[in-house]
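Right, one structure below, let's go through it.
The values are calculated or read from the model by the stated rules, or taken from the named source; none is laboratory data. These numbers come from a predicted model, not from an experiment. With ideal geometry, Cβ positions are generated from the backbone for all residues, glycine too; neighbour counts draw on all protein chains shown. Side chains are part of the model used for accessible areas, which takes the heavy atoms of the whole protein and leaves out ligands, DNA and RNA. Shrake-Rupley method; radii C 1.70, N 1.55, O 1.52, S 1.80 Å.
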Amino acid sequence: MRKYSLPPYKIKMVEPIELISREERIKKLKEAGYNPFRLRSEDVYIDLLTDSGTGAMSHFQWAALMQGDESYAGSKSFYRLEKVVKDITGYKYIMPAHQGRGAEQVVIPELVTKDNMYFISNIHFDTTRAHVEIAGARAIDCVIPECFNLKEYHPFKGNFDLVKLEEIILDKGQENIAGIIMTITNNSAGGQPVSIENMKAVYEIAKKHSITLLIDGARYAENAYYVKHREKGFENKTIREIAKEAFDLADIFLMSAKKDGLVNIGGIIAIKEDFELFQKCQTNIVPKEGFPTYGGLAGRDMDALAVGLGEALEESYLAYRIDEVKYLGDLLRDAGVPIQYPTGGHAVFVDCGEIAPHIPFNEFPAQAVSNALYIEGGIRPVEIGSLLLGRDPDTKENMKADKEFMRLTIPRRTYTMEHLRYVAESLIRVYNNRENIKGLKFTYESPILRHFTAEFEPAE
Ligand code: F0G
């Protein structure tokens, strides 16, 4: 048997990329204020900032674009998308959104019906947390502790801590819980999957306490692939069947379609059967995203998405996708580079707290390693650590993240294993020279979401 799956596609269109010289990279990074977010993509050789909207569409999707019906209301494109989403989820009410956070801003405020409410998630994604807070509620994370034990294998590190979940509900009062959000896969700690067994248990708890359960399913297809390969009893089920089982165990599905929708822009709101909630969301979507049958998308975007959703559920595609990430993770682990193990669906999370223990958290070790990797190989990763976390709103002090992660996020169907081998080789060289990596000090820091625009200089 092969160690890694084969790609089930060939390349028929290419986009040139260029590796600028080391001297130029040093200059560009300095001009960017030592913040990879501020680099121009033309100065990046391999862009691993995100897997969101960065993937390649198939020729079927490009063909579907041509069928786009650009009617404002009730377009054919919408009904094609609606049918696909209904088939996959079994849910009754479907609305498109321009992307994941668009879906969040329509639905989340409708669930926050009074003051002092809470959402509970395995881990809220940043924009989900932001929309919870904007709606006046608070976000509590409730993932199993094994999630942060990076070196230890666990098949479902995204699982909810069920004991803690019940405790939070009892402590806060079930009437004060606006919703439980099941993030699959669990992005923030390494694209880690959640088992169907855990979803079932969470759903039972939610129902017992009359709480709405939402799936934040940007990477639901990758999650289903893990269930098939790691959870007993699912070996012989199709990815579609497993995904359907997951949707049966929730009330609402929110999706950033820029991931497992295999499109460059798009989002989905799907509601299982609550007609009243659907009506409220229909009212809310108009001023925020657009008329309910386009939600911020062009007809052609909806057609590309209708096709992409089907392709992302194909097992041969998922096998290669998951193995590509694993391949990069294996090369790094074999060389001693500390990573979240096992690797997840969309990215390798590198533990920079361990790589650069000489850099204090408020000089941002993962940002420093990311910069070193850019200079070494023209590769752009993203920091998911104390820089992203920000400052305490009350004390204004820098908060310390549990883990100082550098995320190497793999766009779908975009890079080859050869590219990823180059990424591993570059990072291994950085790792072998890790004592020389220096921390960073702010020269500019914006009051919110500082990681996008901050500028730094190397600390002494
Ligand atoms: N939920 C999850 C789990 C996500 O990973 C994202 C986006 C969103 C919601 C928001 O969706 O970007 O379409 O508005 N994640 C990207 C990332 C940005 O890089 O991880 P969006």
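The trypsin sites (Lys or Arg not before Pro) found in the stretch 28-63 that occupy coil by DSSP, while having at most 12 further C-beta atoms within 10 Å, are 40. Relative to the longest principal axis of the Cα atoms of the chain, the long axis of helix 220-230 makes an angle of roughly 80 degrees.
Mean separation of Cα pairs under 8 Å and 6 or more residues apart, divided by the residue count, gives the chain a relative contact order of 23 percent. The alpha carbon centroids of the stretch 258-323 and the stretch 377-449 are separated by 30 Å.
Working from Cα pairs under 8 Å separated by at least six residues, relative contact order for the stretch 354-460 is 30 percent.
For residue 185, the residues 5 or more places off, or on other chains, whose built amide H falls under 5 Å of its own are 219, 220, 223. Surface exposure of the chain, expressed per residue as accessible area with a 1.4 Å probe, stands at 43 Å².
Ignoring aspartates and glutamates fewer than eight residues from residue 3 along the same chain, the ones with Cα atoms less than 16 angstrom from its Cα are 323, 324, 330, 334, 418. The packing ranking, built from the mean of other Cβ atoms within 10 Å per residue, places the peptides 199-212, 248-261 in the order 248-261, 199-212, highest first. Considering only alpha-carbon pairs that sit under 8 angstrom and 6 or more positions apart, the relative contact order computed for the stretch 59-311 is 32 percent. Answer rounded, prolate or oblate for the stretch 1-75, using the Cα gyration tensor with square roots of eigenvalues a ≥ b ≥ c: rounded when a/c is under 1.5, else prolate when a/b is larger than b/c, else oblate. The shape class here is oblate. For residue 101, the solvent-accessible surface with a 1.4 Å probe is about 110 Å², rounded to the nearest 10.
For 460, 376, 383, give me the order by solvent-accessible area with a 1.4 Å probe, most accessible first, ignoring ligands, DNA and RNA.
460, 376, 383
With θ taken as phi - 60° and the Karplus curve 6.51 cos²θ - 1.76 cosθ + 1.60 applied, the whole-hertz 3J(HN,Hα) list for the stretch 78-94 is 4, 5, 5, 5, 4, 4, 4, 5, 4, 4, 6, 9, x, 7, 8, 10, 10 Hz, x standing for glycine and proline. Placing R0 at 51 angstrom, the Cβ-Cβ distance between residue 392 and residue 9 gives a FRET efficiency of 0.60 after rounding to 0.05. Under a 5 Å amide H cut-off, with hydrogens placed 1.01 Å from N, residue 390 pairs with 399 among residues at least 5 apart or on other chains.
At most 16 other Cβ atoms within 10 Å and a DSSP loop assignment: could you name the trypsin sites (Lys or Arg not before Pro) in the stretch 146-178 that fit?
Details: sites: 151, 157, 164, 172; in loops: 151, 157.
Answer in residue order: 151.
In terms of its C-alpha gyration tensor, the stretch 59-311 has an oblate overall shape, because the principal axis ratio a/c (a ≥ b ≥ c, square roots of the eigenvalues) is not below 1.5 and a/b does not outweigh b/c.
Across the stretch 399-407, rounded Karplus estimates of 3J(HN,Hα) from the backbone phi angles (6.51 cos²θ - 1.76 cosθ + 1.60, θ = phi - 60°) give 8, 9, 6, 4, 9, 9, 8, 10, 9 Hz, Gly and Pro being marked x. Applied to the stretch 367-384, the Karplus parametrisation 6.51 cos²θ - 1.76 cosθ + 1.60 on θ = phi - 60° returns per-residue 3J(HN,Hα) values of 5, 5, 5, 4, 5, 4, 5, 4, 5, 5, x, x, 9, 10, x, 9, 7, 10 Hz, with x for Gly and Pro. Checking the a/c ratio against 1.5 first, then a/b against b/c, what shape does the Cα gyration tensor give for the stretch 22-61? Taking the square roots of the gyration eigenvalues as a ≥ b ≥ c, the stretch 22-61 is prolate.
Under a 5 Å amide H cut-off, with hydrogens placed 1.01 Å from N, residue 93 pairs with 271 among residues at least 5 apart or on other chains. Computed over the stretch 90-223, the Cα gyration tensor eigenvalues convert (square root of 5λ each) into semi-axes of 22, 18, 14 Å, ordered from largest to smallest. Measuring against 23 Å, Cα to Cα, the residue pairs 207/228; 86/237; 114/258; 10/76; 28/259 contain 207/228; 114/258; 10/76; 28/259 as the ones spanning a longer distance.
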